[in-house]
1. Out of everything in segment 151-183 that is surrounded by 17 or more Cβ atoms within 10 Å (Cβ to Cβ) and outside any strand (DSSP E or B), what residue ends up being nearest to the chain's Cα centre (by Cα)?
2. Under the condition of being of a type in the set (Ser, Thr, Tyr) and out of contact with any Gly (no Cβ under 6 Å at 6 or more places or on another chain), which residue from segment 250-282 is surrounded by the most Cβ atoms within 10 Å (Cβ to Cβ)?
3. Tally time: how many residues in segment 40-79 are assigned to a loop (DSSP other than H, G, I, E, B) and in contact with a strand residue (DSSP E or B) (Cβ under 9 Å, 6 or more places away or on another chain)?
4. Of the conditions (1) surrounded by fewer than 19 Cβ atoms within 10 Å (Cβ to Cβ); (2) out of contact with any Cys (no Cβ under 7 Å at 6 or more places or on another chain); (3) modelled with pLDDT of 90 or more, Cys305 fails just one. Which one is it?
5. Please enumerate the residues belonging to segment 238-257 that are hydroxyl-bearing (Ser, Thr, Tyr) and at pLDDT below 95.
6. Exactly one condition in (1) farther than 29 Å from Val167 by Cβ; (2) at pLDDT below 85 is not met by Asn79; state its number.
7. Within segment 188-201, is even one residue assigned to a strand (DSSP E or B), touching a residue at least 40 places away in the same chain (Cβ under 8 Å) and more than 26 Å from the chain's Cα centre (by Cα)?
8. Among the residues of segment 22-54, write down those that are closer than 13 Å to Ala64 by Cα and acidic (Asp, Glu).
Amino acid sequence: SITEVPRTVLAAEATCDPASTTETCDPLTPGLDCVGGPAVGSFTCAVPQVLSAGSACVVGDTAAVCGGLCVSGVCLDTNAETEENGAANPQPVTLPVLVSSTIDPAADVDCFSFTLAEEASLLATTLICAPNADTDADLFSDDSGTLTLIASDDSSGAGFCPQINRVVPAGNYVLCVQDFGNNAVSGESVLQISARFAQERPCTGQRVSVTNDTVTPIADNTTINSTVTVNEVGVVGVVGDVSVTIGSVTHSFVGDLTLTLLAPNQTAVELSSRNGSGGSNLTSTEFDDACLEPIAGGQAPFTGCFAPETSFDAQIGGPANGTWTLRVSDGAFGDAGNLRSWTLDLCIEAEGGEGEGEGGGEGEGEGGGP
């Protein structure tokens with residue numbers, strides 16, 4: 001016979017272990033469960049919170065879950081397509097959105113319409129790709145029903161599925177998905193359509209610029225750290241704005257490289273993740289949330305201003321003084337190079353939100369290995 005061992009009943013807010021055989025969250029409290037997880041560092045007896053579209057989210061957090069999917073830290077609802085939604089009758093959507101698309105029958109075309117109120121960096125990509133899908137995505141501008149093709153792709157995204165990533169002006173748009181060649185069917189795919197707008201952060205505090213021009217070798221398949229120190233005497237404030245300029249990275253295959261900025265509190269922002277394929281070098285490459293052109297859409301040597309892989313939002317409001325680190329990782333064998341110079345630009349705001357005047361900052365830079 002099997003003897004059931006009584007479990008200790010835990011009340012709401014108690015620390016719990018979802019794998020425990022000796023404890024359980026109170027089963028008489030509706031919805032109470034052991035939630036949380038490694039993503040938030042702990043488990044607690046609580047009723048899971050269901051987040052609405054647009055809310056901030058953390059993948060792996062079972063205490064606060066999206067009604068749809070958590071994508072890049074934001075909850076997006078998954079919307080079912082509404083047939084017939086061809087080019088003549090596109091399905092209206094509001095960005096950001098996740099929408100399902102099933103190409104069936106073979107000549108099926110699924111189209112979705114949306115409006116951008118201002119210039120934006122538009123991303124239309126396949127998050128969940130149907131097995132054996134061979135789909136093509138076409139982006140059209142819509143001038144009172146007259147569609148003009150402005151971009152097309154069938155294999156730039158994950159799993160060689162379509163992805164369109166480009167800067168477009170304000171206006172009306174239609175995105176259509178169909179089988180490549182329009183002669184086969186595919187299962188359900190989930191498309192993400194989102195727009196990123198320039199983030200201008202006015203600076204009312206003190207501007208600081210610190211450069212490290214110590215040449216640091218980037219060996220094959222290794223990680224290096226190059227640092228600068230911000231130490232504004234008499235200024236105790238938080239980050240109001242941040243940008244990074246890579247003066248020079250010489251490397252014969254920049255698609256090997258991932259660049260990450262770490263704040264003094266170790267909050268990380270990914271600047272670029274293995275972009276540029278077999279191109280060489282980064283030269284005068286600025287990363288700034290005020291820039292619309294995505295770094296993933298650029299070409300080596302990436303001269304100009306680009307939006308980083310992830311926004312600097314995570315570092316805004318954090319400590320300004322201290323050691324800032326540019327981490328460069330080479331993810332493959334066969335090519336090497338050097339980090340020659342980089343510059344950190346900050347706006348330091350008083351913690352209460354009032355600026356202390358604009359001025360030039362000073363600091364020190366060091367380069368180093370892993």
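1. Here the residue is Gly157.
2. Ser272
3. 19
4. (2)
5. Listed by number, the list holds a single entry, Ser252.
6. (1)
7. No, segment 188-201 contains no residue that is assigned to a strand (DSSP E or B), touching a residue at least 40 places away in the same chain (Cβ under 8 Å) and more than 26 Å from the chain's Cα centre (by Cα).
8. Asp33
The values are calculated or read from the model by the stated rules, or taken from the named source; none is laboratory data. Computed from a prediction, not measured in an experiment: that's the story for all the values here. Reconstructed Cβ throughout: ideal geometry from the backbone, glycine too, with neighbour counts over all protein chains shown.
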